[in-house]
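Worksheet for the structure shown next.
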Amino acid sequence: MTPPVPITSAAGTLLYAEDGSTYIDAISSWWVNLHGHAHSYIAEKIYHQALQLEQVIFAGFTHEPAVSLAERLLPLLPGNMSRIFYSDNGSTSTEVALKMSIQYWWNRGETNRKKILAFRNSYHGDTFGAMSVSDRSVFTLAFHDLLFEVIFIDTPTPENIDATIQLLQEQGEQIAAFIYEPLVQGAGGIKMYDAALMGRLLAATQRSRIICIADEVMTGFGRTGKLFASEYLSEQPDIICLSKGLTGGTMALGVTACKQHIYEAFVNDDTYKTFFHGHSFTANPIACTAALASLDLLEKEGCRQKIDWICRSNQTFAGTLAADHPVKDVRVCGTILAFEINQGKDGYLNSISSFVTQQAMQKGVYLRPLGNTVYLMPPYCITEEELTQVYRVIKDILEPLSR
């Protein structure tokens, strides 16, 4: 096993190693970093907040950063969201959404609605509820007999959409919620699917009164080109999960946003209908401040222009890859580009991933393929020179594989 590389500092897209090596972070350190490492604006806001209030229990107390963040987020979110529930990472944001959905029906007296619908090839986190609604894979193998039962369906295609809608008509009254990664399935291999067909599926789901949960932990905050991937869809969710880019990649923070009717199911004098869920660092003031600072940067015109430029650059580069390299299924969704190296068996355990990572790092770029799936998801601050270097390194790695 290759030992981990000690990183001593970072700035912009660059990671600086203990031995003096420098790497372009082409995957935003697991998809979290939006504006670049050690961003001075975010750091300054964090510094001043730490001097004022670093942490307080978020039960019986509140504070300005949490209130301001909720007020900033809600108008931006698709689907007319009404309330924000804070947690501390992506997995917990999906756990909250699942518990909220199941208890919603329990509070209403419809206790037959306990099943969860999810996509095959999905990934929603590493805690037990999140693992349960994720595809049964190498990530969950040791725990399969401990995970709750889920109805898994394929992402919509012209061939399967009618059968899937039929399934909803037959079993809808037993299903509490449908959780999905809109348009792009992340850790499952950066799989992308059709927005129009997903709109049809969501419409059928909502006709069956099933709560729709959009896991935008990875796709949120501009990754797909729009601010949120759900904006591409004709039908909007009842609950949205956020993390990763929420704080610009600076601090751990999770958000679960819901519509008003979900919230109202818990507002009752009956204590048993309380949503008993919380974390020690729920709505941490420093993390909320980092998120507010990230939103400040994200809403600048220059950031919007950089996102659009990355989207166009990826489309252009994808066209050059499809022609004469040992790759397949080259695909782009906004700032996300992915393809499979056409060598060996598809999947996370394909050893080509370590080869690609090692070769790229020798050339000053950090890539971390998911098996034979190579992908890019750069910070929005990446320069033209840096992105060109990333593209060139990918082609250099692929060149000997095409012989």
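Side notes on the structure shown:
- The calculated FRET efficiency for T62 paired with Y41, based on their beta-carbon distance and R0 = 25 Å, is about 0.50.
- Segment 123-188 and segment 204-226: distance between their alpha carbon centers, rounded to Å: 14 Å
- Rounded to the nearest whole Hz, the Karplus-based 3J(HN,Hα) values (6.51 cos²θ - 1.76 cosθ + 1.60, θ = phi - 60°) of segment 254-265 follow the sequence x, 9, 10, 9, 9, 6, 4, 5, 5, 4, 5, 5, with x at glycine and proline.
- The modelled label-to-label distance for the pair E301/W106, using points 7 Å beyond Cα in the direction of Cβ, is 5.1 nm.
- Simple label model, 7 Å out from Cα along Cβ direction - D346 to D308, nm: 3.4 nm
- Label point at H48 placed 7 Å out along Cα→Cβ; residues across segment 57-96 whose backbone nitrogen lies under 15 Å: 64-65
- ³J(HN,Hα) computed for each position of segment 115-124 - Karplus, 6.51 cos²θ - 1.76 cosθ + 1.60, integer Hz, glycine/proline x: 7, 10, 9, 8, 7, 4, 6, 7, 8, 10
- Segment 324-373: trypsin sites (Lys or Arg not before Pro) falling in loop per DSSP and having at most 10 other Cβ within 10 Å: K345
- In this rough spin-label picture, where each label sits 7 Å from Cα along the Cβ direction, the F128-W30 distance is 2.2 nm.
- Taking the centroid of alpha carbons for each part, segment 320-354 and segment 37-76 are 39 Å apart.
- Longest DSSP-loop-exposure-free segment, GluC sites (Glu not before Pro), the chain, at most 11 other Cβ within 10 Å: 160-403
- Amide H contacts of K191: Q185, each under 5 Å away and 5 or more positions distant or on a separate chain (H built 1.01 Å from N in the peptide plane; Pro and chain starts excluded).
- Exposed-site-free run, longest, the chain (rule: chymotrypsin sites (Phe, Trp or Tyr not before Pro); DSSP loop; at most 12 other C-beta within 10 Å): 62-275
- Cut-off under 5 Å, modelled amide H: who pairs with C212 long-range: F178, D238, I239
Read-outs: derived from the displayed coordinates by stated rules, not from any lab. Given the structure is predicted, the values throughout are model-derived calculations rather than measurements. A quick note on method: Cβ atoms are made from the backbone with ideal geometry, for glycine too, and the neighbour counts reach across all protein chains shown.
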